[in-house]
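The values are calculated or read from the model by the stated rules, or taken from the named source; none is laboratory data. None of the values given here were measured: they were computed from a predicted structure. A quick note on method: Cβ atoms are made from the backbone with ideal geometry, for glycine too, and the neighbour counts reach across all protein chains shown.
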Amino acid sequence: MMKTMMIILDGLADEPIKDLEYKTSYDYANHENLDRLAAQGIKGYFNACPQGYLPESMNCILNLLGIPQESFPKSRAALELLAHGHALGEDEVVLRCNLVAVEDKKLISFNGGGLTKQEMKKVSEQEAGRTSDIDFIHLSGYRNLLVMNKKDFNSFDCLTYPPHEFLGEDIERLLGELCKSSEVLHDFVSSNEFKINGEDGKQYRYLFYPWGIAEKSKLPTFKQKYGKAGAAVCGAEIAKGIALALGLYVPKMEGLTADIDTNLRLKAEGACSLLEEYDFVFVHINGLDEASHRYDVNEKIKFIEKIDREFIAYVDNNLNSQINILICADHATSPLTGKHSALDVPYIIRSQSLQNRTGIESIPTGEILKYLLSFR
């Protein structure tokens, strides 16, 4: 039976960068193991973002997994909540909530404003959750969720603004429409603002920034769509939430951080081991996206090379040639602007069933997995 491993390197792609001799970070980095896999199969570029959708991980990953667009949730918050062990109730909504930094009423950081993960966890536990009508859930770092009752909203159609896309904008304008739609949410935002003195002696203003309202939704299971059992190895909440919603088995593994300090060898060992029992294994590696959001080109390059040494090398050495391997990005994330984009992303496919093809440009990205799983 044909088995397949899909490896998504979140945010791998980006634009040519002047300081890298006008190469992308992927082209500039050394990755001999990825190159060897590419030489055994086919490589190229495709657009993983479904037409009409923002280049965001949820949309792109669901598309790569072959999930029909009519099933896409409006926001990823409910999937992140599922990853945390909670299924959203019919009478509830959930919002994403970033810990952000503000200066002169302008949004200057969407990811904790230089606070360490330990500091972000501490202030989340100390400052948040003062509003009894909101269930505040700290995920990791700057990422949090707010679970609310639907009755506390006047409208679910209000605009919300992804904070990573609106740095430098007026914070009151960004939160205005959302806070007007819910008095409970307005009280939460205003009551959880705080200030911290930085090492430079400057006082920084922080607050919790809600966005991305999600209601309960339902995705088709992987078994229903492909007739095969699958598993997933992932640390990021969105990837884990998607996997659980699709009915994939997600083992608990320590050391998966969804950042550049994740345990890549453990991921590789776990993924290869799962293929002994399952027909399909989905692996998500998130640190490249985080490095890009920190505007750190060098960190991104080093992590590409670390993935190649510690993850790809192990997979290549431990999976026989009968097993399909698809490696690709979900979207581009620029380490210059910190923003996502729908640029074409690199892919590598090692598959005996496609080895005679010079490219797969004629196959929609949402159908590639179907081919690899031998559904024709």
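What's the number of the only condition in (1) assigned to a helix (DSSP H, G or I); (2) without any contact (Cβ under 8 Å) to a residue 12 or more places away in the chain that residue 308 fails to meet?
(2)
Sort out which residues of segment 236-286 are basic (Lys, Arg) and either touching a Phe, Trp or Tyr at 6+ places or on another chain (Cβ under 7 Å) or part of a loop (DSSP other than H, G, I, E, B) (or both), and write them in order of number.
First, pick out the residues of segment 236-286 that are basic (Lys, Arg): 240, 252, 265, 267.
Across segment 236-286, the qualifying residues are 252, 265, 267.
The rows are residues; the columns are (1) within 16 Å of residue 24 (Cβ to Cβ); (2) free of Cβ contacts under 8 Å to residues at least 60 places away in the same chain; (3) among the small types (Gly, Ala, Ser).
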{"site": "286", "(1), (2), (3)": "no, no, no"}
{"site": "298", "(1), (2), (3)": "yes, yes, no"}
{"site": "318", "(1), (2), (3)": "no, yes, no"}
{"site": "323", "(1), (2), (3)": "no, no, no"}
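Test residue 35 against the stated conditions and say whether it is of a type in the set (Asp, Glu) and either under 19 Å from residue 221 (Cα atoms) or out of contact with any helix residue (DSSP H, G or I) (no Cβ under 8 Å at 6 or more places or on another chain) (or both).
So residue 35 passes the test.
Considering each of 246, 266 in turn, give the residue that is assigned by TED's automatic domain parsing to the domain that holds residue 334, over 30 Å from residue 101 (Cα atoms), out of contact with any strand residue (DSSP E or B) (no Cβ under 6 Å at 6 or more places or on another chain) and free of Cβ contacts under 8 Å to residues at least 24 places away in the same chain.
Among 246, 266, only 266 is assigned by TED's automatic domain parsing to the domain that holds residue 334, over 30 Å from residue 101 (Cα atoms), out of contact with any strand residue (DSSP E or B) (no Cβ under 6 Å at 6 or more places or on another chain) and free of Cβ contacts under 8 Å to residues at least 24 places away in the same chain.
Here's a check for you: in segment 5-25, which residue that is among the hydroxyl-bearing types (Ser, Thr, Tyr) and surrounded by fewer than 24 Cβ atoms within 10 Å (Cβ to Cβ) is nearest to the chain's Cα centre (by Cα)?
Across segment 5-25, the extreme among qualifying residues is 24.
Which one of 167, 185, 145 is buried (at least 19 other Cβ atoms within 10 Å of the Cβ) and under 19 Å from residue 111 (Cβ atoms)?
The unique qualifying residue is 145.
Any idea which residue in segment 56-74 is surrounded by the fewest Cβ atoms within 10 Å (Cβ to Cβ), counting only those that are of a type outside the set (A, V, I, L, M) and under 24 Å from residue 308 (Cβ atoms)?
Out of the qualifying residues, it is 57.
I'm told residue 51 meets every condition in (1) without any contact (Cβ under 8 Å) to a residue 60 or more places away in the chain; (2) surrounded by 15 or more Cβ atoms within 10 Å (Cβ to Cβ) except one. Can you identify the failing condition by its number?
(2)
With respect to residue 152, is the statement that it is without any contact (Cβ under 8 Å) to a residue 40 or more places away in the chain and under 22 Å from residue 88 (Cβ atoms) true?
Here the answer is yes, as residue 152 does meet what is asked.
Show the residue pairs meeting these rules: Cβ distance below 7 Å; 6+ apart or different chains; first residue within segment 4-24 and without any contact (Cβ under 8 Å) to a residue 12 or more places away in the chain; second residue buried (at least 24 other Cβ atoms within 10 Å of the Cβ).
Pairs found: 24/13; 24/14.
Only one of (1) outside any helix (DSSP H, G or I); (2) under 20 Å from residue 348 (Cα atoms); (3) among the aromatic types (Phe, Trp, Tyr) is not met by residue 26, so which one is it?
In the conditions (1) outside any helix (DSSP H, G or I); (2) under 20 Å from residue 348 (Cα atoms); (3) among the aromatic types (Phe, Trp, Tyr), residue 26 misses (1) alone.
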